[in-house]
Amino acid sequence: MELIPAPRAIQERQGPAVPFGPGTTLWAGEGTERTERWLRATLGAALGLPLRPGPRDARDGVRLLVDDTLEPEAYRLTAADGGVEIRGGGPAGVFWGAQTLRQLLGPDAFRRAPVRPDTAPAVPYQVIEDAPRFRWRGLLLDVARHFMPKDGVLRYLDLMAAHKLNVLHLHLTDDQGWRIEIERYPRLTEIASWRTRTKFGHRASPLWEEKPHGGYYTQDDIREIVAYAAERHIAVVPEIDVPGHSQAAIAAYPELGNTDVVDTTALTVWDNWGISSNVLAPTDATLRFYEGVFEEVLELFPADAAAFSEFVHVGGDECRKEQWTESVTAKTRITDLGLADENELQSWFIGHFDAWLAARGRRLIGWDEILEGGLAPGAAVSSWRGYGGGVAAARAGHDVVMCPEQYVYLDHRQAPGEDEPVPIGFVRTLEDVYRFEPVPDGLTGEEARHVLGTQANVWTEVLEDTARVDYQAFPRLAAFAEVAWSPLPAPADRDYAGFERRMAAHYRRLDALGVAYRPPAGPRPWQKRPGVPGRPIEGPPPNR
Ligand code: ACM
């Protein structure tokens, strides 16, 4: 079958296919309850099958069990002798096996109600052995630049599950918006969660969307998102970006900014793109304020929800230093702490939250700029400025998630030419993503073990709604999922033609799921944005 991501091994054997029908039963062993619920709710609804409870050894049955001789996320799916058995090394392995079963049942299994109630699907006689290459298989959604309402996030969790991705990095705060309710600081949602208008296109564009934009997740929305993800063995890693990318928070609470340099009471939530110079003041009051934010965040994102749920992302990227250079308060802080300069002040700021999170049993992760001043041993790094941050982090003994911008920033355009909507950055085709290698060259085996995995990042400055997010994310997220999951050879040796052939089947699944992907021949008329300026970068990206 045309599975994506490709499994490690498929043995096709001689024998009758296993039919699925109203009499198909479901037996779920201990530890497989989440997959049992998912199968009934999702596959059952799509195919109109009750999947009634039945005995363990039923013919015409599905059997789910945990077998700890396998790796935790590995599974073996056996379709033979009238039944399907999914054996997972742990509960997550069983769930990934169920995702494979759905693909084996054909594209209609990706709908929400039966469209061909009179035809019974069947799974070909076979055994599939599978396990992921990487443990962290992530997607970043930037819900700060453009808000994605809760239903959209839940839908993306379903799309991630269908591609065996397991970490949703939610970029919740930025200069242009604050998206999470913090009960003790109501102005973060009253003021910082919306802006009066928005730049339409790249920041050099003359166009404005002259209407308010905003939204936020209530604490119950967040609890729902985290629980929905955990049902699917997905961790949600929240990002609260400090000390840069903070203009929205400063607009709500002006005392957080560098009040001895600018009149922060005059600031508004930013309506344009770029990197704001309005950064947090390095004061004890600011630290206390954000400890209050993180206290609520830790409660909303429990450490034991799923693998990697202990991580909290603190941003740390692109903190402009001009206000600190001018600020007497910042200069005094540098002197009092015996620091060399503003860069060390930034690492002091991040280091504070590193220790604060570690004392609460959590782990800090931040963008690769946080390496610059040295980090506590448990902290991890998201390597986005190419591969260098990943190499430095792994050599310094830190865990790292590889998300180099020249390969897996999915806001970058996916084809040359005039037709791509609001074209940004380098041309990164489906094939480019398929040939992305997450592990940097030149690491020793020991260092390479610090590569937890990889992540695709979807920044949303020019993605104003979920259809635009779909267009940029798909089909490339399918190629990314295969890079993250499957044991692919070196980039030049990868069978892209074979992947494209399997994609023909996968487009039918995406159609059934209602994903507004970029068709191979280019955008549909309504997917274009004629006249809206982007910022294409010509030529190939810098290599590694
Ligand atoms: C980033 O793209 N500034 C992490």
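Quick notes
- Unmet criterion (only one of (1) crowded, with 17+ Cβ neighbours inside 10 Å; (2) at pLDDT below 95) for Phe134: (2)
- The set of residues from region 387-409 being away from the ligand (no atom under 12 Å from the Cβ), assigned to a loop (DSSP other than H, G, I, E, B) and crowded, with 21+ Cβ neighbours inside 10 Å comprises Tyr387, His398.
- Selection status of Pro404, closer than 30 Å to Ala521 by Cα, touching a Gly at 6+ places or on another chain (Cβ under 7 Å) and not aromatic (Phe, Trp, Tyr): yes
- Residues of region 225-241 that turn out to be in a helix (DSSP H, G or I) and either hydroxyl-bearing (Ser, Thr, Tyr) or within 16 Å of the ligand (Cβ to nearest atom) (or both), as a count: 1
- Counting only residues that are within 16 Å of the ligand (Cβ to nearest atom) and charged (D, E, K, R), region 309-319 holds 2 of them.
- Failed criterion for Ala355 (all others in (1) touching a helix residue (DSSP H, G or I) at 6+ places or on another chain (Cβ under 7 Å); (2) without any contact (Cβ under 8 Å) to a residue 24 or more places away in the chain hold): (1)
- Qualifying residue in region 298-308 (condition: within 16 Å of the ligand (Cβ to nearest atom), under 18 Å from the mean Cα position of the chain (by Cα) and of a type in the set (Phe, Trp, Tyr)): no
- Scanning region 263-294 for residues that are farther than 17 Å from Val328 by Cβ, exposed (fewer than 14 other Cβ atoms within 10 Å of the Cβ) and charged (D, E, K, R) yields Arg288, Glu291.
- Whichever residue in region 489-507 is touching a Pro at 6+ places or on another chain (Cβ under 9 Å) and of a type in the set (A, V, I, L, M) and, among such residues, is surrounded by the most Cβ atoms within 10 Å (Cβ to Cβ): Met503
- Where Phe499 falls short, out of the listed (1) within 16 Å of the ligand (Cβ to nearest atom); (2) assigned to a helix (DSSP H, G or I): (1)
- Number of positions in region 102-131 that are buried (at least 18 other Cβ atoms within 10 Å of the Cβ), within 30 Å of Pro438 (Cβ to Cβ) and not hydrophobic (A, V, I, L, M, F, W, C): 5
- Test set (1) closer than 21 Å to Arg112 by Cα; (2) within 32 Å of the chain's Cα centre (by Cα) - Thr78 fails condition number: (1)
- Hits in region 172-187 - residues which are crowded, with 23+ Cβ neighbours inside 10 Å and either farther than 23 Å from Ala305 by Cβ or in contact with a Leu (Cβ under 6 Å, 6 or more places away or on another chain) (or both): Asp174, Asp175, Gln176, Gly177, Trp178, Arg179, Ile180, Ile182
- Filter result for Arg360 (outside any helix (DSSP H, G or I), within 16 Å of the ligand (Cβ to nearest atom) and of a type in the set (Lys, Arg)): no
- Complete set of residues in region 410-435 that are among the basic types (Lys, Arg) and buried (at least 21 other Cβ atoms within 10 Å of the Cβ): Arg413, Arg428
- The set of residues from region 242-253 being more than 16 Å from the ligand (Cβ to nearest atom) and either over 10 Å from Ala281 (Cβ atoms) or of a type in the set (Ser, Thr, Tyr) (or both) comprises Ala249, Ala251, Ala252, Tyr253.
- Close pairs from region 426-444: first farther than 19 Å from Arg135 by Cβ, partner basic (Lys, Arg) and surrounded by fewer than 18 Cβ atoms within 10 Å (Cβ to Cβ), Cβ under 8 Å, at least 6 apart: Asp441/Arg544
- Subset tally (residues that are more than 19 Å from Ala303 (Cβ to Cβ) and crowded, with 21+ Cβ neighbours inside 10 Å) for region 343-370: 8
- The residue that is nearest to the ligand (Cβ to nearest atom), among those in region 371-386 that are surrounded by 24 or more Cβ atoms within 10 Å (Cβ to Cβ) and modelled with pLDDT of 95 or more, is Ser382.
- Selection from region 456-471 of residues that are assigned to a loop (DSSP other than H, G, I, E, B) and within 16 Å of the ligand (Cβ to nearest atom): Trp459, Thr460, Glu461, Val462, Leu463
- Considering region 410-430, and only residues there that are away from the ligand (no atom under 16 Å from the Cβ) and in contact with a His (Cβ under 9 Å, 6 or more places away or on another chain), the residue that is farthest from Trp459 (Cα to Cα) turns out to be Val427.
- Tallying residues that are out of contact with any helix residue (DSSP H, G or I) (no Cβ under 9 Å at 6 or more places or on another chain) and in contact (Cβ under 8 Å) with a residue 24 or more places away in the chain within region 58-88 yields 10.
- Filtered by the rule that a residue be closer than 22 Å to Val462 by Cβ, aliphatic (A, V, I, L, M) and within 15 Å of the ligand (Cβ to nearest atom), region 254-294 gives a lone residue, Ile275.
- Within region 275-320, being in contact (Cβ under 8 Å) with a residue 60 or more places away in the chain, within 16 Å of Leu345 (Cα to Cα) and acidic (Asp, Glu) holds for Asp317, Glu318.
- Among the residues of region 358-376, those identified as touching a residue at least 40 places away in the same chain (Cβ under 8 Å) and not charged (D, E, K, R) are Gly361, Leu364, Ile365, Gly366, Trp367, Ile370.
- Residue tally, condition away from the ligand (no atom under 16 Å from the Cβ), part of a strand (DSSP E or B) and of a type outside the set (Gly, Ala, Ser), over region 437-455: 2
- Residues in region 214-224 that are surrounded by 22 or more Cβ atoms within 10 Å (Cβ to Cβ) and part of a strand (DSSP E or B): Tyr217 only.
The values are calculated or read from the model by the stated rules, or taken from the named source; none is laboratory data. Model, not experiment: these values are computed from the prediction. Heads up, the Cβs are rebuilt from the backbone with ideal geometry, glycines too, and the neighbour counts pull from every protein chain shown.
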